[in-house]
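The values are calculated or read from the model by the stated rules, or taken from the named source; none is laboratory data. Note that the coordinates shown come from a computational prediction; the quantities given were computed from them, not determined experimentally. Every residue, glycine among them, receives a Cβ derived from its backbone with ideal geometry; neighbour counts consider all protein chains shown. Accessible surface is based on the protein model in full, side chains and every heavy atom, while ligands, DNA and RNA are left aside. Shrake-Rupley method; radii C 1.70, N 1.55, O 1.52, S 1.80 Å.
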Amino acid sequence: MVLGNDFHVDYMLTGMDDEETGYELCKQLLDLLQSAGFSLRKWASNSKAILSQIPSELRDERSPSTDTYSYGVPNWSQEAVITRRAVASDAAKLFLPTYLPLGLLGPVVILAKIFIQSLWQTTSSWDEPLSVQQQQYWTEFRKSLEDISSISVPRWVSFAHNPILIEMHGFCDASERAYGACIYLRTVSIDGTISVRLMAAKSKVAPTGKSKKQTVLTLPRLELPSALLLAHLHHKIVESIELNTKPFFWTDSMIALCQIRSPPGRWKTFVVNRVSEIQRLTSGGTWVHVPGTENPADIISRGMSPAQLRETPTWWSGCQ
């Protein structure tokens, strides 16, 4: 299960409920992959007991002392003049597995995606200096990322003690520039304590119509692709973890909600294809309307700086 579901490129991200099970998992993975000629390196864990059983040459010296996700500031290119090539090089560092697997920094990363898309709409060559405004934007964006190091996210999402109820809630939203989705786990403990934690998020830029394969979509039409993005994200999560719970899917678009709740055959091709896929991937769940002001997916569809994101509880804990 771990080998098939918990790898992102050549990075593994997983966890266990206790140290004994964790060590046994590490041993099995090491033996299994070694038998095929692969050696898993840079092992990191918040458990010193588990790490002590891993050969020293395979450990990562930067092993965490807490069970949280934290992020480092990338090393940016030092070129005096910013070009499209420099932006692409910088952005590639944001798209590394360090930042992407769960999409927790999605609202920050989408700002880079939107800017890169805008560069592709110009006629500038790879090494031609960007306009003064574009260079200033990218310089300020890189500086804003210094606040990433102050963001720390609990890895374990089920914080309620002895939960008697576990629910999965997914939200989707679209803006004129991008659309996104985010999923939360809500647990209720036996003493009534409620905990809501962000599990994963994903975003895409809106098509610009600048290529033959793209068509400009109006905001109401973009709401449906955002719902489809949520459906795919949910499907990927349930394939990765064993969670027997009925999911809830939230959108602030009454048009998209009407389309998803209706038989696909009544719509035109664009809607039919997407609604059919959404209904297939979210069967067993419930689609519900949420006011736009309470929709946390609005944050990822519009983007947000790290400093703002750090101080926005709606993103980390949903609308409760």
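Going from most exposed to least, what order do Phe249, Phe95 have by accessible area with a 1.4 Å probe?
Values: Phe249 0, Phe95 75 Å².
The residues order as Phe95, Phe249, largest area first.
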5 angstrom amide H check on Ile54, placed H, neighbours 5+ away: none
Lysine-lysine proximity count for the chain, Cα under 13 Å, sequence distance 8 or more or distinct chains: 4
Long-range HN-HN contacts of Ala178 with modeled amide H, under 5 Å: Ala206
Helical mean residue ellipticity (222 nm; -39500 (n - 2.57) per DSSP H run of 4+; nearest 500) of the chain: -11500 deg cm²/dmol
Surface share of carbon and sulfur [accessible, 1.4 angstrom probe, percent] for the stretch 233-274: 56 percent
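How much accessible area per residue does the chain have, in Å², with a 1.4 Å probe?
On the way: 17620 Å² over 320 residues.
Per-residue value: 55 Å².
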Listed residues Thr66, Thr269, Thr251, Thr286 arranged by accessible area, highest first, probe 1.4 Å: Thr269, Thr66, Thr286, Thr251
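Could you look at the stretch 36-194 and say what percent of its accessible area is carbon and sulfur, using a 1.4 Å probe and all protein chains?
Working: 4540 of 8450 Å².
It is 54 percent, rounded to a whole number.
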Long-range HN-HN contacts of Phe249 with modeled amide H, under 5 Å: Gly170, Thr286, Trp287, Val288
Inter-label distance for Ser276 and Val153, nm, one decimal - labels placed 7 Å from Cα along Cα-to-Cβ: 3.4 nm
Karplus (6.51, -1.76, 1.60) ³J(HN,Hα), θ = phi - 60°, over the stretch 43-51, in Hz, Gly and Pro reported as x: 5, 9, 7, 7, 9, 5, 5, 5, 4
Within a Gaussian network of the chain (alpha carbon springs, distance under 10 Å), most fluctuating of Tyr23, Tyr71, Tyr184: Tyr23
Table column - 3J(HN,Hα) (Hz), the stretch 77-82, Karplus curve with 6.51, -1.76, 1.60, x for Gly and Pro: 5, 9, 5, 5, 9, 8
log₁₀ of I(q)/I(0) at q = 0.14 Å⁻¹ - the chain, Debye sum with one point per alpha carbon: -1.22
